[in-house]
Amino acid sequence: MVDPKGKPESKKARDSAVGEPMIAPAEVAFYLERHPDFLVEHPNLLAILTPPNHRRGNNIVDMQHFMVERLRTDLHRLKSQQRALIATSRSNLSSQQRVHASVLALLSAASFEQLIQTVTTDLAVLLDIDVVTLCVESVSGFARTTLPGLQLLEPGDVDALLGPTRDALLEDEVAGDPAIFGSGAGLVQSEALLRLRVAKAPPGLLALGTRRAGKFKAGQGTELLCFLAQALGVTIGQWLDL
């Protein structure tokens, strides 16, 4: 195309003629410098942009190499996230199955003594941990007992350990407290303390301990463990009524 004077029309003039905005290369470069994630947010552009050759030299950036490395990094990150998600899902499923089996074992107890034995012996196997104890605050009107696995606490100890509103405390890399875990305290390096509510009985704890540091730690979900403690509290209450 030529202009009225017979000279070839420039691309800039042609763009202006069709109403397209004229953007200087420096403006594009300035925008990209201020928005380094632009290609990440618009990956479709990678398919139409023309990368430079593989030749490298002073002041030459291999854009194609950069794009490939960025895609490889993103792919590696996504695969790592996928593996972590699968591992977490499997762990959650396993924990759910173990808690369900534990609740069924509690419901199957034929006597109060068998219930306590189930809690302090069978639950450790079912939950794949090392120590399980029942802790009850010793208050006036509640008979003292020497049942194996049952620990007596001082009045107010449960709230002192958990706080007045919290129902679970998970800790990793701890030294087991003999007042809670008795003779098994030496095995405990990670613990879960769960509030135990029993009708017509003083406050209590279901204490879970394991030698595996990090098994229980802050930030983990406590819904399943709290459900186990609630089921145990209801079951104990029913036996006490009998």
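Please treat every number below as a calculation from the coordinates, not as lab data. Since the model is a prediction, treat every value here as computed from it, not as a measurement. Positions of Cβ are generated from backbone atoms using ideal geometry, with glycine treated the same way; all protein chains shown enter the neighbour counts.
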Cut-off 13 Å between beta-carbons: net charge of the residues surrounding GLU173, Lys and Arg +1, Asp and Glu -1:
+1
Would you grab the residues whose amide H sits under 5 Å from the one on ASP130? Only those 5+ places off in sequence or on another chain, please, with H modelled 1.01 Å from N.
GLY209, THR210, ARG211
If you keep only loop residues by DSSP, which GluC sites (Glu not before Pro) in the stretch 165-239 have at most 15 other Cβ atoms within 10 Å of their Cβ?
GLU173
Once a ≥ b ≥ c are taken as the square roots of the eigenvalues of the Cα gyration tensor of the stretch 99-242, is the result rounded (a/c under 1.5), prolate (a/b larger than b/c) or oblate (a/b not larger than b/c)?
rounded
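Can you give the relative contact order of the stretch 93-241 as a percent, counting alpha carbon pairs under 8 Å and 6+ residues apart?
Value for the stretch 93-241: 25 percent.
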